[in-house]
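The values are calculated or read from the model by the stated rules, or taken from the named source; none is laboratory data. Since we're looking at a predicted model, the values are computed, not measured. Neighbour counts run over all protein chains shown; Cβ positions are idealised from the backbone, glycine included.
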Amino acid sequence: MAGTEETLTRPQVKICGLTRAEEAQSCAELGADAIGCVFYPPSPRHVNDEHARNICRNLPTAICCVGVFVNEPFATIMKKVERCGLKAVQLHGQESTELAESLRNEGLLVIKAIFVNRAPSLECVGSFGASAYLLECAGGALPGGNALAWDYRAAAGFSDTNPVIVAGGINPDNVSRAIQEALPDAVDVSSGVESAPGRKDMGKVKRLLEAVALTDCSRKPRRIFQ
């Protein structure tokens with residue numbers, strides 16, 4: 001599935017934390033490659049199964065629907081995958097290698113979050129069987145980027161040998177810099193294109209996608225979302 005050697009002319013874009021079907025559909029129409037639904041109750045972007053299913057079922061089949069989980073067991077994740085029509089899962093806690101491998105054996109794209117400021121860190125990557133890795137600094141109270149930008153250059157060497165999604169503090173104004181410094185295969189954006197938590201601003205989404213398309217990539221990205 002993901003992480004193949006097929007190259008693109010630009011990094012792919014995942015818009016995360018969608019809470020409304022109409023906004024997810026607009027993101028897809030503007031050119032997003034993937035959308036994310038957060039299944040973590042403390043998050044202001046948390047959605048229940050019904051809302052997530054409504055978001056995912058109205059999207060074109062080419063869009064990858066990603067469920068974001070924090071320390072959930074295999075059975076819980078698979079129930080939501082089946083109920084909501086998810087194509088991928090993003091593990092954003094302290095999940096085990098065994099969980100990642102079990103999910104991949106179900107034919108899912110498995111994204112494992114790796115953090116700059118805490119574990120699991122870049123040094124732990126060898127112990128995971130993920131399809132791709134999402135890198136961010138994780139300096140806030142909640143799992144996720146918490147709108148904190150960081151030194152994206154820390155991801156550059158890692159992306160030479162691993163499928164990488166860069167996240168954390170990315171917005172329309174700095175996405176080009178993040179791409180040029182991190183050399184990622186994809187970018188993940190949530191609060192950077194919002195008017196309020198969980199409410200996407202389509203003007204910002206459009207600006208971000210246009211900036212990505214215009215960014216000169218020194219390394220051709222791999223395709224992660226299919």
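Candidates in the range 145-162 are the residues that are of a type in the set (Phe, Trp, Tyr) and modelled with pLDDT of 80 or more; of these, the one that is surrounded by the most Cβ atoms within 10 Å (Cβ to Cβ) is Tyr152. Of all residues in the range 151-164, those that are part of a loop (DSSP other than H, G, I, E, B) have Cβ atoms under 6 Å from Cβ atoms of residues that are among the acidic types (Asp, Glu), 6 or more apart or on another chain, in Pro163/Asp185.
The C-beta contact set for the range 14-40 (first residue in contact (Cβ under 8 Å) with a residue 40 or more places away in the chain and more than 20 Å from Ile170 (Cα to Cα), second residue crowded, with 17+ Cβ neighbours inside 10 Å and hydrophobic (A, V, I, L, M, F, W, C), distance under 8 angstrom, 6+ apart or interchain) comprises Arg20/Ile55; Phe39/Val47; Phe39/Ala52; Phe39/Val68; Phe39/Phe69; Tyr40/Val68; Tyr40/Phe69; Tyr40/Val70.
When Asn48 is tested against the conditions (1) touching a Phe, Trp or Tyr at 6+ places or on another chain (Cβ under 6 Å); (2) farther than 24 Å from Leu135 by Cβ, the lone failure is (1). Which one of Ile165, Ile179 is farther than 23 Å from Phe69 by Cα, at pLDDT 85 or above and of a type outside the set (Lys, Arg)? After applying the criteria, what remains is Ile179.
Of the candidates Arg219, Arg199, the single residue that is surrounded by fewer than 18 Cβ atoms within 10 Å (Cβ to Cβ), over 28 Å from Glu23 (Cα atoms) and at pLDDT 80 or above is Arg219.
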